[in-house]
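Written out below as structure tokens is the structure these notes cover.
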Amino acid sequence: MSMQPIKRGLAALVLMGLALPALAQTTVSDAWVRASVPHQQSTGAFMVLTASSDSKLVGVASPVAKTVQVHEMTMNGDVMGMREVKAIELPAGKAVTLDPNGLHVMLMGLHNQVKEGDKVPLTLTIEDAKGAKETLEVQAQVRALNADAGGGHDHMHMNH
């Protein structure tokens with residue numbers, strides 16, 4: 001008879017243990033960085049972030065650039081601009097897309113050319129509603145400058 005409550009207690013502990021890592025868990029998918037051309041000073045990084053609890057992206061760092069900021073595209077009439085954003089809200093369970101036409105990460109003061117096929121390490125700092133911070137290490141795939149970035153560059157200068 002005395003086994004029942006113990007089993008139930010263990011099951012509850014196991015379930016709690018499973019729930020713990022998920023408290024401030026944020027997943028990153030489809031992370032990529034736009035390839036740069038020689039001497040280009042900056043490029044963009046894009047991804048989809050999904051947090052399991054209400055959180056916000058409060059910082060991004062990368063060894064490939066001097067400065068990393070989160071920017072937002074703004075339209076003022078028909079003038080497109082960019083402004084720095086200090087944090088991106090990540091509502092629980094909702095995929096937040098960072099893309100070239102909206103919120104995105106700018107890698108500025110590039111140390112070297114970012115070439116197609118490379119991987120760029122990014123460290124994301126996520127803060128949950130309770131103020132607990134987690135850092136995520138992401139390897140973003142470098143993709144070619146696509147058509148909307150003025151196409152005409154081909155990749156003839158691949159010096160590896």
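So in segment 114-138, with the set limited to residues that are of a type in the set (Lys, Arg) and either open to solvent by less than 50 Å² (accessible area, probe 1.4 Å) or within 23 Å of Gln40 (Cα to Cα) (or both), which one is nearest to the chain's Cα centre (by Cα)?
Once the filter is applied, the top-ranked residue is Lys119.
Is segment 30-45 home to any residue that is without any contact (Cβ under 8 Å) to a residue 24 or more places away in the chain, touching a Phe, Trp or Tyr at 6+ places or on another chain (Cβ under 8 Å) and under 26 Å from Lys133 (Cα atoms)?
Yes, segment 30-45 has at least one match.
Collect the residues in segment 32-58 that are open to solvent by less than 20 Å² (accessible area, probe 1.4 Å), of a type in the set (Gly, Ala, Ser) and over 16 Å from Ala92 (Cα atoms), keeping them in residue-number order.
Of everything in segment 32-58, those that are open to solvent by less than 20 Å² (accessible area, probe 1.4 Å), of a type in the set (Gly, Ala, Ser) and over 16 Å from Ala92 (Cα atoms) turn out to be Ala35, Ser36, Gly44, Ala45.
Among (1) modelled with pLDDT under 95; (2) of a type outside the set (A, V, I, L, M, F, W, C); (3) in a strand (DSSP E or B), where does Gln141 come up short?
Single failed check for Gln141: (1).
Looking at segment 80-99, I want the residues that are modelled with pLDDT under 95 and have a partner that is loosely packed, with under 13 Cβ neighbours inside 10 Å with Cβ atoms under 6 Å, at least 6 apart or on another chain. Which pairs are those?
Pairs found: Gly81/Thr74; Arg83/Thr74.
This table checks each residue for (1) more than 16 Å from the chain's Cα centre (by Cα); (2) not in a strand (DSSP E or B).
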residue: Thr50; (1), (2): no, no
residue: Gln69; (1), (2): no, no
residue: Met73; (1), (2): yes, no
residue: Glu89; (1), (2): no, no
residue: Asn112; (1), (2): yes, yes
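The values are calculated or read from the model by the stated rules, or taken from the named source; none is laboratory data. Computed from a predicted structure; not experimentally measured. We place every Cβ from the backbone using ideal geometry, glycine too, and count neighbours over all the protein chains shown. In case anyone asks, the SASA skips ligands and DNA or RNA and just uses the protein heavy atoms, side chains included. Shrake-Rupley method; radii C 1.70, N 1.55, O 1.52, S 1.80 Å.
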